[in-house]
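Student: Take a look at this one; I'll ask things after.
The values are calculated or read from the model by the stated rules, or taken from the named source; none is laboratory data. What you are looking at is a predicted structure, and each value in this text was computed from that prediction instead of being measured. Note that we place each Cβ from the backbone using ideal geometry, even for glycine, and neighbour counts take in every protein chain shown. Side chains included, ligands, DNA and RNA excluded: accessible areas come from the protein's heavy atoms. Shrake-Rupley method; radii C 1.70, N 1.55, O 1.52, S 1.80 Å.
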Amino acid sequence: MRFRAKIVDLGCLNHFTRVSNTISKLAKTCTLRLSPDKLYFILSDKVANGGVSMWCELGQGNFFDEFQMEGVAADHNEIYLELTPENLSRALKTAQNAKTVKIKLTNKHCPCLTVAVELPSLSSSSRIVTHDIPVGVIPRKLWTDFREPTVPDFDVSIYLPVLKTMKSVVERMKNLSSHVIIEANLKGEMNLKIETDLVCITTHFKDLGNPPWASEDASQDRDSENMAEARIDIKKLLQFLAGQQVNPTKALCNIVHNRIVHFILLHEDVSLQYFIPALS
Amino acid sequence: MKCLVTGGNVRVLGKAAHSLSRIGDELYLEPLEDGLSLRTVNASRSAFACFLFAPLFFQHYQASRPPQGQPPRCKVLMKSFLSVFRSLAALEKTVERCCIALSTENSRLVIQLHCKHGVTKTHNLSFQECESLQAVFDPALCPHLLRAPARVLVEAVSPFSPALSEVTLGVSRGRRVVFRSYLEEDTDAARAMMTEMSLSEEEFQQLQAQEGASITFCLKEFRGLLSFAESANLLLNIHFDVPGRPAIFSIEDSLLDGHFVLATLSQSDLCSQEPCRPGQGTHSTTHLDDFANDDIDSYMIAMETTVSEGAAVTPRTPSPVSEEEAEPNVVPGTPPLKKFRSLFFGSVLAPTESPSEPNPVLAEDSEGEG
């Protein structure tokens, strides 16, 4: 099992750093899956996460100048690692002006992802910062826990409002309630609602637009004005919104009435899916 | 004692206070003929810091009033002293003059900040008279020296998290200077990230140490001096010896000098922390095992102190190893700093007051009697 990769371009490095920062805000530990073409950051819906799950996919060619890997076996040419993403973010933070960043799988006192950063210096030889990030190698028999989630049979699919706006609305709501109801319809309308003993607050978003497949897949007798809703933990929603560092090219969510909310963010070469289950 | 600081030097004095506050809770002031000395020591006696401001640093400096002769040495609460100089930005912008005077009649250290627009802020700090706080150390006795502009060292430690307690500094293969994060014994090695910064010898003005030389010391305390040195744009010297012997970090210019003396771990091997040891568990377990067996006597560096009213320094006699092992600071679970070798501080005892047992003095006090 081997892995080595190198980033030379500062733009790619910054982009990768931002992805890493986003992941570190969404999960304390997650699975890093390496395949010859792609990297995945995966959080599966265990009870410990409160039912939340995440699937983030990156095309390696858009980030790395060099990327070589050898999986556990020829017919299973992949590597699954358990990783604390905050460590990766901290390591990349030291690489802001780096000449090169190399990442490799090594075996120090335990399996590690070693990030070696070459920094410019006034002398003739560069400074080198090395970070050894401990990782856990996930055995092949557990790989089935980390399958790509299927897009649920949603009731409504809608484009999200500007995430920053959504975030500031939810931030204020967080002080008043621990749950928020997110509801949307096929007419491009979305509401965020909180209901407490003292007060009900609803923020209305209009003209958001629905993705083309929304009306195809949804059941025919669905009135386009009918709202599909889900009551979710407000902290989890805020965690998702607050973690975003990059404005996505496309941001949408699918709602399965009273079951689950499925967020999809697309940005060039990175796709992030985030599932928040509805509370009963 | 009375002295007057003006202009930009007020901020320098404030910066020194910030630096010292990273070490100890009490600030010892000693007005000497050489200048005003500010000193402190940490609770576990593993770090000592002092700044000496030469008379030329002040617009006016008077160590003592002639009739009194010997100026009183006093100590104040670090928190109180620091609060006078809390905001460095404000010091720079509004304070024109700072007057420090020891008023024995009122038992107060009076610090007056004369600010713009006719505003005067007067702080009356209560003080306690005390013995001189003096650590015995001599940079000249240290075989290894590393000297670099503060900026280089600031950049060298920037990859480390501010939460990191200890760091190992050493010279590795190829004459590269290496800083490496040190994992404490109780850290979960499976989770902890290890970070290392390696710089070429060329970045240092002077590197007098052979490959393999290394020490492990408290990074947080070192950062205290480092930030001062960086703001004053000075060169910083690191004098060190074998692991276990204190390391001396010093800066100087024509108007002041500063010394931070930090204890080092008795087992510090840059190479042993390298990954290629088969069957090794966490690399830090060896430190804990060796520490308890080390011979304390061979590392004592100075004489004991006297007890004076309220003085923070407590008497210690050189004792057989068994007594040392009962020291509170070897209790498991105590913060890592307490596992450092304690520094013992010399005093300015008159010969007649010296303790009955002769103490092995391994390093003479180079700073002279106060």
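Student: From the square roots a ≥ b ≥ c of the eigenvalues of the alpha-carbon gyration tensor of chain A, which class results: rounded (a/c under 1.5), prolate (a/b over b/c), or oblate?
Tutor: Taking the square roots of the gyration eigenvalues as a ≥ b ≥ c, chain A is prolate.
Student: Rounded to whole Å and sorted largest first, what semi-axes of the equivalent ellipsoid does the C-alpha gyration tensor of region A:99-182 yield via the square root of 5 times each eigenvalue?
Tutor: For region A:99-182, the semi-axes come out at 41, 25, 14 Å.
Student: Continuing with this model, one more query. Hey, what did chain A get for relative contact order, percent, Cα under 8 Å, at least 6 apart?
Tutor: 19 percent.
Student: List the lysines whose Cα lies under 29 Å from the Cα of residue A:236, skipping any in the same chain that are fewer than 8 positions away.
Tutor: Leaving aside lysines fewer than 8 places away in the same chain, those within reach of residue A:236 are A:25, A:28, A:38, A:46, A:93, A:164, A:167, A:174, A:187, A:193, A:206, A:250.
Student: Given a 1.4 Å probe, how much area per residue of region A:2-146 is accessible, in Å²?
Tutor: Spelled out: the 1.4 Å probe surface of region A:2-146, per residue, equals 43 Å².
Student: Using a 1.4 Å probe on the protein heavy atoms, what percent of the accessible area of region A:2-146 belongs to carbon and sulfur?
Tutor: 48
Student: Once you have a ≥ b ≥ c as the square roots of the Cα gyration tensor eigenvalues for region A:156-277, tell me rounded if a/c is under 1.5, and otherwise prolate or oblate according to whether a/b is larger than b/c.
Tutor: Oblate, because a/c is 1.5 or more while a/b does not exceed b/c.
Student: Can I ask one more? Hey, can you find the accessible area per residue of region A:156-277 for me, probe 1.4 Å, expressed in square angstrom?
Tutor: That works out to 49 Å² for each residue.
Student: Count, for each residue of B:197-204, the Cβ atoms from other chains sitting within 10 Å of its Cβ, then give me the mean as a whole number.
Tutor: 5
Student: Given a 1.4 Å probe and every protein chain left where it sits, what share in percent of the accessible area of region A:156-277 is carbon and sulfur?
Tutor: C and S fraction of accessible area: 46 percent.
Student: Which residues belonging to region A:118-140 lose at least 10 Å² of 1.4 Å-probe accessible area when the assembly is complete, relative to their chain isolated?
Tutor: Output list: A:122, A:123, A:124, A:125, A:126, A:127, A:128, A:129, A:130, A:131, A:132, A:134.
Student: In peptide B:172-182, how many Cβ atoms from other protein chains are near each Cβ within 10 Å, on average?
Tutor: Taking all residues of B:172-182 together, the mean is 1.
Student: Classify region A:2-146 as rounded, prolate or oblate from the Cα gyration tensor: take a ≥ b ≥ c as the square roots of its eigenvalues, call it rounded if a/c is under 1.5, otherwise prolate when a/b beats b/c and oblate if not.
Tutor: Prolate, because a/c is 1.5 or more and a/b exceeds b/c.
Student: Return the value, in Å² to the nearest 100, of accessible area buried between chains B and A (probe 1.4 Å, both sides summed).
Tutor: Using a 1.4 Å probe on protein heavy atoms, the buried area is about 1800 Å².
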